[in-house]
Amino acid sequence: MTRAVKPPPIRVLIAKPGLDGHDRGAKVVARALRDAGMEVIYAGLRQTPEEIVEAAIEEDVDLIGLSILSGAHMALFPKVLKLLKLRKAGNIPVFAGGIIPDEDARALKRHGIKAIFGPGTSLEEIVTTAKGIARRSS
Amino acid sequence: MRPRSPLPPAARAILRRDRGALARLITQVERRDPAVVPTLKALYPRTGSARIIGITGPLGVGKSSLVNLLLAQLRASGKTVGVIGVDPSSPFSGGSVLGDRIRLERKAGDPGVFIRSMASRGHAGGVAAATLQAARLLDAFGMDVVLVETVGSGQVDVAIRDIASTSVVVLVPHLGDEVQTLKAGLFEIADVFCINKGDLPGADLAAKDLREYVSLANNAGRWKPEIVVTSARDGSGVPELWQAIERHEAYLDRDGGRLAGDRRRASREIEELVLDRVAGDLRGALENEPKHAALLERVARREVDPHTASEIVSRTRVRRRPPRSR
Ligand SMILES: Nc1nc2c(ncn2[C@@H]2O[C@H](COP(=O)(O)OP(=O)(O)O)[C@@H](O)[C@H]2O)c(=O)[nH]1
Ligand SMILES: [Mg+2]
């Protein structure tokens with residue numbers, strides 16, 4: 001096998017835990033990350049924390065992005081982080097987007113969420129941050 | 001091959017069904033990381049029992065939806081299943097959105113399923129090589145069936161022949177012109193035709209059309225592609241689709257086709273590997289090799305043309321240098 005000429009792309013899982021049925025925001029972010037050269041595994045709506053973690057392991061991703069609007073973030077995000085640790089995948093960084101009050105955002109960061117993007121965040125900022133926190137950079 | 005050399009740790013991890021290790025090996029294979037080669041070598045003798053089934057066809061015809069139903073049916077009958085979904089990379093950014101997982105459902109925590117999304121990362125030959133190795137890793141991992149979904153566009157669907165023992169081509173009613181342009185290539189590929197979205201009008205007509213086309217093909221004594229109408233919406237025809245796949249697999253076992261197919265695939269794979277080695281070895285080496293300095297000089301002076309020079313270089317390079325450590 002020959003050495004790859006270009007560095008391999010960052011693989012990122014984009015998933016939407018919780019019960020709300022809107023994934024427009026998640027899709028826009030997925031496309032922006034693709035346009036930045038990443039391989040985006042799009043897991044879709046209504047994923048349980050268990051499903052998200054299994055997908056992250058099978059896909060061997062460098063990064064996980066979670067999007068939520070339903071307000072269940074304080075229940076779901078820490079669960080994802082806990083399961084990742086349990087499955088020896090605690091080194092996969094997780095970022096989040098959605099409507100998350102500042103106080104919750106601070107608590108989630110203490111839990112280990114690496115970055116949190118509110119509704120007004122520019123795609124450019126999301127892409128730059130995502131590249132910065134991915135565990136294998138390209 | 002030396003008998004019974006100890007297995008590399010990653011190979012042992014596969015044999016004890018470590019899912020993380022499997023995922024990491026697929027990543028290495030995708031990156032063409034040479035460090036993975038000893039593991040692939042060690043695992044090869046433990047492969048060959050999985051049935052590798054290709055599901056190909058244009059975007060949106062329902063391949064992932066069908067894979068989802070086949071997955072459920074196979075799990076219900078106790079078979080373990082690996083799924084590989086291949087999607088194209090953007091030629092511009094190199095990135096991609098891999099969405100096949102959206103359609104795939106399974107019981108929570110089912111260890112009998114492993115799903116992996118792959119991007120084509122540029123050239124079709126590369127997809128084939130990495131996908132073949134990934135399918136083989138799933139085989140070594142102990143999966144009974146590996147379903148490989150590829151988007152049927154040009155070269156990629158032909159490459160499925162280099163991976164799968166049975167290839168299913170999925171179409172939909174009223175594909176019209178697209179089928180016409182696909183047809184030429186389709187018959188080299190399809191062991192089974194699946195007309196999905198059978199709940200939409202026109203499916204029977206499409207099946208009849210295809211049946212006529214198949215009967216015109218001159219393949220006396222050989223496998224005649226089967227045609228199955230399915231609806232992934234209501235699940236109808238999916239058991240029949242699997243039966244058609246099984247009939248083709250049984251045909252391969254009966255007629256010695258399996259060995260012939262494996263030999264054909266082996267020759268393609270070895271060719272690619274040798275070409276890779278030669279290319280890797282040669283690239284950039286010519287300019288720095290003293291023995292070719294004079295020849296390059298003469299080409300530069302228009303005393304020898306590049307074609308003749310290439311013949312001379314190939315003749316003098318038959319004996320390979322030992323591989324550089326990489
Ligand atoms: N009416 C109908 N729609 C279907 C059927 N199978 C799939 N679809 C729809 O077709 C679209 C594409 O399906 P998908 O499985 O992602 O196609 P793929 O791109 O070939 O993998 C989705 O909206 C499905 O719901 C079917 O049998 N009947
Ligand atoms: Mg698909």
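The values are calculated or read from the model by the stated rules, or taken from the named source; none is laboratory data. The structure presented is a predicted model; accordingly, all values stated were derived computationally and were not measured. Neighbour counts are summed over all protein chains in view; Cβ atoms, including those assigned to glycine, are modelled from backbone coordinates with ideal geometry. Quick note on the areas: whole protein, heavy atoms, side chains included, nothing else; ligands and nucleic acids left out. Shrake-Rupley method; radii C 1.70, N 1.55, O 1.52, S 1.80 Å.
A Cβ distance below 9 Å, combined with a sequence gap of six or more or placement on separate chains, defines the contacts here; from the stretch B:287-316, residues that are closer than 20 Å to B:Leu275 by Cα and open to solvent by 50 Å² or more (accessible area, probe 1.4 Å) reach residues that are of a type outside the set (A, V, I, L, M, F, W, C) and in a helix (DSSP H, G or I) in the pairs B:Ile312/B:His292; B:Thr316/B:Lys291; B:Thr316/B:His292. Restricting the stretch B:101-118 to residues that are away from ligand 2 (no atom under 13 Å from the Cβ) and hydrophobic (A, V, I, L, M, F, W, C) leaves a set whose member that is surrounded by the fewest Cβ atoms within 10 Å (Cβ to Cβ) is B:Ala108.
Scanning the stretch B:60-112 for residues that are among the hydroxyl-bearing types (Ser, Thr, Tyr) and closer than 22 Å to B:Ala50 by Cβ returns B:Ser64, B:Ser77, B:Thr80. When only residues in the stretch B:41-80 that are surrounded by fewer than 16 Cβ atoms within 10 Å (Cβ to Cβ) and within 16 Å of ligand 2 (Cβ to nearest atom) count, which is farthest from B:Gly198 (Cα to Cα)? Looking at residues that are surrounded by fewer than 16 Cβ atoms within 10 Å (Cβ to Cβ) and within 16 Å of ligand 2 (Cβ to nearest atom), I get B:Leu59.
Residue pairs whose Cβ atoms lie under 9 Å apart, sitting 6 or more positions apart in sequence or on different chains, and linking a residue in the stretch B:88-102 that is more than 7 Å from chain A (Cβ to nearest Cβ) and of a type in the set (S, T, N, Q) to a partner that is assigned to a loop (DSSP other than H, G, I, E, B) and more than 12 Å from ligand 1 (Cβ to nearest atom), are B:Ser89/A:Pro9; B:Ser89/B:Gly95; B:Ser89/B:Ser120; B:Ser89/B:Arg121; B:Ser89/B:Gly122. Note on the stretch A:87-117: residues that are out of contact with any helix residue (DSSP H, G or I) (no Cβ under 8 Å at 6 or more places or on another chain) and part of a loop (DSSP other than H, G, I, E, B) total 3. B:Leu22: surrounded by 23 or more Cβ atoms within 10 Å (Cβ to Cβ), in contact (Cβ under 8 Å) with a residue 24 or more places away in the chain, more than 16 Å from ligand 1 (Cβ to nearest atom) and not in a loop (DSSP other than H, G, I, E, B), yes or no? Yes.
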